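Undergrad: The structure follows.
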Amino acid sequence: MVIIHDIDRGATRSATVSAANDFTMNAKISHRFIIAFAMWFSAGLAGAVEIDRAAMVRRHDPVVTKLDPLAALSLGNGTFAFTADITGLQTFPEEYQAGIPLHTQAEWGWHSFPNPANYKLADCLEEYAVGDRQVSYASQQSGPAADWLRANPHRIDLGRLGFRLRNADGSAVTASELTEIHQSLDLWRGVIVSKFKCAGEPVTVRTACHPERAGLAVEVVSPLVGKKQLSVELSFPGAKADWKQCADWTTPNAHQTTLSGKRGSWTFARRLNDTRYFVRLASADSTANVTETEPHHFELSATTKNSLAFTCEFAPEAFAAESKPLACAEIFDSTSAKWEPFWKSGAALDLSASRDPRAKELERRVVLSQYLTAIQCAGTMPPQETGLTYNSWFGKSHLEMHWWHAAHFALWGRCELLERSLGWYERTLPVAQALAERQGFNGARWPKMVGPDGAESPSKIAPFLIWQQTHPIYFAELCYRAEPTPETLNRYQALVAESAEFMASFPLLNSRTGRYDLGPALIPAQECYDPRTTLNPTYELAAWWWGLETAQQWRLRAGLTREPRWDELQQMLARPTVRDGVYTAISTPPFTNRHDHPSLLCALGVTPSTPLIDRAIMNRTFDDVRDNWEWPTTWGWDYPTLAMTAARLGRPADAIEALLMPVQKNTYLPNGHNYQDERLTLYLPGNGGLLAAVAMMAGGWEDGPESPAPGFPTRDAGWEVKAEGFQKMP
């Protein structure tokens, strides 16, 4: 049996926008609950059986009972995140360094080292033959200029907030000395509760994050406070331009920390070269005091009998003299007022009645992925692959991954969380237009590896990728389907048109075949082909056709006529290559390498149906990939790709098998993170991809079956699906 809550789309959208706005803006609590009630009421009118959302969420609260370097828990709000160990703070960072490191990051927290040699992108350009002309690509990845440009700017660790724990003799308590550990993340309220025994005494810690500001609230209850065996240390590192590491604790003279303030509120002014930011520590405890123990290390202590409560806020600008510090109660109240409406809004999926034993694990992954992407991927710019937990690729965004981070927000009825990052494309559109112009193309070309300004980074792969080009069109289409209004059209019309103009100018007419080719120079999503010789990747061909057709529909919606040049290109675009009855990855030798991403399946998985893809051939291609691919070489979003393709092909059992394939890159840790390897211990495109695939399987897709949850197996196969609030996938 499959139960679908057919909620009125307008009511759902209103509830979703309100809850999403609660995520980042002040709103009256009464308004939140009115919206939530309206949503429930519309579901009742449809005669649906209501999902017990609180029970669904709470049965997957992460619980930690021992120190596990891969089980660190994070709090955040989309623009700021704080990752904690078993103490609820960042007390034992060295124990987590090889797992999920303990950092504090904000999307505004960037730093660059000086550039006295004036390195610029022009120093990294190389010429490639494109038809009868030479086109420059920033493919020179080695050398001083490339090294500096790839590493700068980079995200920084804003500060470490941990406990100073002492035994009765004054010696430092080690992590192994803690006993009776029990830590949980209350997903429904967004609070970490940590309990343990230290030096024979109980310690209880509650930690929460402000829903809008980069602020934390911490409450500690323990006799160790009064015994002066428990205090708090706030410490600041220097910046580090490393592929992964974002904190340098070895160069105290390379940065400055200036303490000011008085009892009850203390401000720390930070300076790292040209980067400035500010931190405010506050406590209502009249006995609390802050002292500097060594450069960049500060201790907050109190002489109260058994408790200490304080807040810590980070900001890119100095705090106004008249502004009041955040209060603990304010943060705890506001975070609960945010998370409960978040879970009550948008879509929901309840698999608890399923007999298939895999259903519980799938539901766990789905619930935790909603939380993780909300705190890590819902900012005002595309996130890095590791979100705001720690750096990967110096903290820079990979635009080809943005679909996997954020498309699911719209499909889950939370389009506002997607739209928050789309303003970044609007702001950086001139940068993308300049890139296209430099290379002799029209429109706007979206790069891959970028910092906050949208400028590309040198790479032997990144400049040749094109599959991110259709993402802004896809995002705009999701937004229009969620809110089909003139305002939506007006906002995204230029973004769609400029993206499509590049797409129309990029292909080359092949005089031998009479069709337009994609490439060279090009590297497909499966990044293991030579950019000088690669032509016509199957996925990119389908995405190109769909992107141009969707851009045409946007013209018609705006009262314009179809663009003839785009029509010609669609009609004359090269077709995917078929060998031995299956699609190949590209149309040139070696045709298909069976490692890295099986991205050719995206041509009928991520991409909707197009005239370029034959379903019978894709069925055989799916079997060939499933049976013969080198799965240990893949990445976390490849399994959702397999699932979405299986669903569109009418193979729900294969979709489930794909989502739960037992391989390392498809591992989901106790905290919900998608583990890849020792280098990438978390990988948020896997979480977002999972949510996109499940939304498609539960909510359906354009031109798909009208049956409930068409991508899931039936009750006879052990699956009972309760689903509500999903937007159909294109």
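The values are calculated or read from the model by the stated rules, or taken from the named source; none is laboratory data. The structure presented is a predicted model; accordingly, all values stated were derived computationally and were not measured. Backbone-built Cβ (ideal geometry, glycine too); neighbour counts: all protein chains shown.
Undergrad: For residue 483, indicate whether it is farther than 30 Å from residue 630 by Cα and of a type outside the set (S, T, N, Q).
TA: Taking the combined requirement at face value, the residue satisfies it.
Undergrad: Only one of (1) more than 32 Å from the chain's Cα centre (by Cα); (2) small (Gly, Ala, Ser); (3) buried (at least 21 other Cβ atoms within 10 Å of the Cβ); (4) on the phi > 0 side of the Ramachandran plot is not met by residue 131, so which one is it?
TA: (3)
Undergrad: Further question: Would you mention how many residues in the range 307-325 are aliphatic (A, V, I, L, M) and either surrounded by fewer than 21 Cβ atoms within 10 Å (Cβ to Cβ) or closer than 16 Å to residue 109 by Cα (or both)?
TA: Counting residues in the range 307-325 that are aliphatic (A, V, I, L, M) and either surrounded by fewer than 21 Cβ atoms within 10 Å (Cβ to Cβ) or closer than 16 Å to residue 109 by Cα (or both) gives 4.
Undergrad: Next question, about the same structure. How do the helices (runs of 4 or more DSSP H) wholly within the range 596-669 filter down when requiring 1 or more residues that are touching a residue at least 40 places away in the same chain (Cβ under 8 Å) and in contact with a His (Cβ under 8 Å, 6 or more places away or on another chain): which remain?
TA: By residue number, 638-648.
Undergrad: Something else now. Residues 454, 379, 443: which one is in a loop (DSSP other than H, G, I, E, B), modelled with pLDDT of 95 or more and crowded, with 24+ Cβ neighbours inside 10 Å?
TA: Answer to the selection: 379.
Undergrad: Now for a different question. Among the residues of the range 100-120, are any touching a helix residue (DSSP H, G or I) at 6+ places or on another chain (Cβ under 8 Å) and closer than 30 Å to residue 506 by Cβ?
TA: There is at least one residue in the range 100-120 that is touching a helix residue (DSSP H, G or I) at 6+ places or on another chain (Cβ under 8 Å) and closer than 30 Å to residue 506 by Cβ.
Undergrad: Just checking, how many residues over the range 310-337 are of a type in the set (Phe, Trp, Tyr) and in a strand (DSSP E or B)?
TA: 2
Undergrad: Restricting attention to the range 537-560, does a residue exist that is aromatic (Phe, Trp, Tyr), in contact (Cβ under 8 Å) with a residue 40 or more places away in the chain and in a loop (DSSP other than H, G, I, E, B)?
TA: Scanning the range 537-560, I find no residue that is aromatic (Phe, Trp, Tyr), in contact (Cβ under 8 Å) with a residue 40 or more places away in the chain and in a loop (DSSP other than H, G, I, E, B), so the answer is no.
Undergrad: Looking at the structure I just gave you, is residue 580 farther than 28 Å from residue 408 by Cα, surrounded by fewer than 17 Cβ atoms within 10 Å (Cβ to Cβ) and not small (Gly, Ala, Ser)?
TA: yes
Undergrad: For residue 688, indicate whether it is crowded, with 24+ Cβ neighbours inside 10 Å, out of contact with any strand residue (DSSP E or B) (no Cβ under 7 Å at 6 or more places or on another chain), at pLDDT 95 or above and not in a helix (DSSP H, G or I).
TA: The answer is no for residue 688.
Undergrad: In the range 89-147, how many are closer than 24 Å to residue 384 by Cβ, hydroxyl-bearing (Ser, Thr, Tyr) and assigned to a loop (DSSP other than H, G, I, E, B)?
TA: Residues flagged as closer than 24 Å to residue 384 by Cβ, hydroxyl-bearing (Ser, Thr, Tyr) and assigned to a loop (DSSP other than H, G, I, E, B) within the range 89-147 amount to 4.
Undergrad: Can you tell me which condition residue 304 does not meet? The list is (1) more than 18 Å from residue 52 (Cβ to Cβ); (2) surrounded by 22 or more Cβ atoms within 10 Å (Cβ to Cβ), and all the others hold.
TA: (2)
Undergrad: How many residues are among the aliphatic types (A, V, I, L, M) and crowded, with 22+ Cβ neighbours inside 10 Å if we restrict to the range 326-347?
TA: 2
Undergrad: Looking only at the range 514-533, count how many residues are touching a residue at least 60 places away in the same chain (Cβ under 8 Å) and under 13 Å from residue 463 (Cα atoms).
TA: 8
Undergrad: Pick out the one residue from 92, 37 that is at pLDDT 95 or above and out of contact with any His (no Cβ under 9 Å at 6 or more places or on another chain).
TA: After ruling out the rest, the residue left standing is 92.
Undergrad: Could you check residue 285 against (1) assigned to a loop (DSSP other than H, G, I, E, B); (2) over 30 Å from residue 337 (Cβ atoms); (3) not polar (S, T, N, Q) and say which number it fails?
TA: For residue 285, the exception is condition (2).
Undergrad: Using the structure shown, decide if residue 565 is in a loop (DSSP other than H, G, I, E, B), out of contact with any Lys or Arg (no Cβ under 7 Å at 6 or more places or on another chain) and under 27 Å from residue 521 (Cβ atoms).
TA: No; evaluated as a whole, the condition is false for this residue.
Undergrad: Can you confirm whether residue 488 is free of Cβ contacts under 8 Å to residues at least 60 places away in the same chain, in a helix (DSSP H, G or I) and among the β-branched types (Val, Ile, Thr)?
TA: Yes.
Undergrad: What do you reckon, is residue 215 crowded, with 16+ Cβ neighbours inside 10 Å, part of a strand (DSSP E or B) and of a type in the set (Gly, Ala, Ser)?
TA: yes
Undergrad: Let me ask you something else. Considering every residue within the range 349-356, establish whether at least one is small (Gly, Ala, Ser), assigned to a helix (DSSP H, G or I) and either within 25 Å of residue 714 (Cα to Cα) or touching a strand residue (DSSP E or B) at 6+ places or on another chain (Cβ under 6 Å) (or both).
TA: no
Undergrad: Is it the case that some residue within the range 483-490 is crowded, with 20+ Cβ neighbours inside 10 Å and aliphatic (A, V, I, L, M)?
TA: There is no residue in the range 483-490 that is crowded, with 20+ Cβ neighbours inside 10 Å and aliphatic (A, V, I, L, M).
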